[in-house]
Structures are given as structure tokens and as C-alpha cells.
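Enquirer: After the C-alpha cells below, expect a handful of questions from me.
The values are calculated or read from the model by the stated rules, or taken from the named source; none is laboratory data. Please read these numbers as outputs of a predicted model, since none were measured by experiment. Positions of Cβ are generated from backbone atoms using ideal geometry, with glycine treated the same way; all protein chains shown enter the neighbour counts.
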Amino acid sequence: ETAVFQTPNYHVTQVGNEVSFNCKQTLGHDTMYWYKQDSKKLLKIMFSYNNKQLIVNETVPRRFSPQSSDKAHLNLRIKSVEPEDSAVYLCASSFTGASSYEQYFGPGTRLTVL
Amino acid sequence: GEQVEQRPPHLSVREGDSAVIICTYTDPNSYYFFWYKQEPGAGLQLLMKVFSSTEINEGQGFTVLLNKKDKQLSLNLTAAHPGDSAVYFCAPHSGGNYKPTFGKGTSLVVHP
């Protein structure tokens, strides 16, 4: 099956803890993204990677750090979570170039910080 | 950078009615235009796309129209059914851009 996979689906944690989210795509794409989606469904891009290289690093708190081992994997670590980090984190992938810029999204990881 | 305005934020229609969602964008270099659908508890799924060169696309009961002069993109649903209930996002793209821009979304509810 070719798609974008995210783990875990849900995560509940307490303020100050560290969390990690995983994303893997089997579509052969060269670019991967992390988005934060708030309770109003607003999408905010956090990071973009192209062929394992960080291309876009939006203004996010330094406690967020992406990690890419290869172009099929992009993880997100949050050190010392805060209540405002509660959201759905969406991973996506795409080709860049060759008229194929549409993105394919994973199902998301819902983070709740107590 | 690209600015995208999407309206309306909420839309409620009855089964069989039509529905229209409109996006206005600012970047004149936008060439690829996407509409995504997000069902509850799921990620976004590509619904339709249109290119600047074609300006129209149809499928799955939807029509996408591009008005380049007014920098406006619309998603038209001719006969809604409850399965169309979801949040819809527009996303214009200029190509070679690693920072995609999305509209704020339209929550469509179709009542039986």
C-alpha cells in the first residue's frame, strides 16, 4: 500500500514531557512537511524537507525539532510540551517539480497536553 | 508571499442543493490550484486540481473554475449529498515552492 503513515494516532501527556511523532511515506516523494492544525482547522506549516534537507523552518518554538533519516521518513520531536501545543499534527509529502505539487497527507496525530 | 482568502467559513445546505466555495489569492505566479477535502478525524485528501492553462476541471460531482483576471478560484458542487459533509481547503501553488499556502477552510454540512 502506498500512502503516508503517522504514529501514534493519539497522544495524551503532561506539561513538560517530551513527545515524538513519526511519519513515513511510501509514495517515493522527495518532499515532506509537518503542519499544525488547531481546533479551528487552521493549517500552519512548520517544516519542509526536500531529499532529507531542511528547506522551510517556520517560526516555531525551539522545543520543536524535526528529524529526517531519509527522504521517506520525517519525525517530529517536542521537548517539554506546553498546553498550547495541543493540536493535530499532520504530515504530508509531495513531489516538487514535473507538474506534481499536490500533497498527500497522513491521518494526523492528535496531541493533548494536560 | 501568497495570501489566500476563503469564503464562506461555514456552509449548510440540504441534500440535492448546490454549494459554492470561493478562494481569492494574491500571487500572480500561482499556476497550480488544488482543493482538498478533510473528513472528521482524517488528514486532507486531494479532491480536485486545475492548472492555470486549463481553468476548468470537473469530476465527482464538483466543478472547479479559475478566474485568473480576478485571481479567484471556486469549487462548485451541483447536487450535494450527506457524504460531501467535510471541511474543504483551497491551495494555490506557484511551483517550486516548499511552503504551500492553504485557505482557512470551509466547513460544509449537508442535511438529508
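Enquirer: Is it the case that B:S107 is in contact with a Gly (Cβ under 9 Å, 6 or more places away or on another chain) and either in contact (Cβ under 8 Å) with a residue 60 or more places away in the chain or surrounded by 21 or more Cβ atoms within 10 Å (Cβ to Cβ) (or both)?
Expert: no
Enquirer: Another question about this same structure. Here is a list of conditions, (1) aliphatic (A, V, I, L, M); (2) touching a residue at least 24 places away in the same chain (Cβ under 8 Å); (3) surrounded by 13 or more Cβ atoms within 10 Å (Cβ to Cβ), and A:V15 meets all of them except one; can you say which number that is?
Expert: Evaluating A:V15 over (1) aliphatic (A, V, I, L, M); (2) touching a residue at least 24 places away in the same chain (Cβ under 8 Å); (3) surrounded by 13 or more Cβ atoms within 10 Å (Cβ to Cβ) leaves (3) as the failure.
Enquirer: Among (1) facing chain B (nearest Cβ under 10 Å); (2) among the aromatic types (F, W, Y); (3) touching a Ser or Thr at 6+ places or on another chain (Cβ under 7 Å); (4) in contact (Cβ under 8 Å) with a residue 12 or more places away in the chain, there is one condition A:F47 misses while meeting the rest; what is its number?
Expert: (3)
Enquirer: Looking at B:E39, B:E5, B:E15 in this structure, which one is modelled with pLDDT of 90 or more and in contact with a helix residue (DSSP H, G or I) (Cβ under 8 Å, 6 or more places away or on another chain)?
Expert: Within the list B:E39, B:E5, B:E15, the selection yields B:E15.
Enquirer: Same structure again: Residues being over 22 Å from B:G16 (Cα atoms), more than 7 Å from chain A (Cβ to nearest Cβ) and touching a Ser or Thr at 6+ places or on another chain (Cβ under 6 Å): count how many of those fall in the range B:86-112.
Expert: Qualifying residue count, the range B:86-112: 2.
Enquirer: Report yes if some residue within the range A:91-101 is buried (at least 19 other Cβ atoms within 10 Å of the Cβ), in contact (Cβ under 8 Å) with a residue 12 or more places away in the chain and more than 14 Å from every other protein chain (Cβ to nearest Cβ); otherwise report no.
Expert: no
Enquirer: Here's a check for you: in the range B:36-70, which residue that is closer than 20 Å to A:L90 by Cα and not in a strand (DSSP E or B) is nearest to the other protein chains (Cβ to nearest Cβ)?
Expert: B:G43
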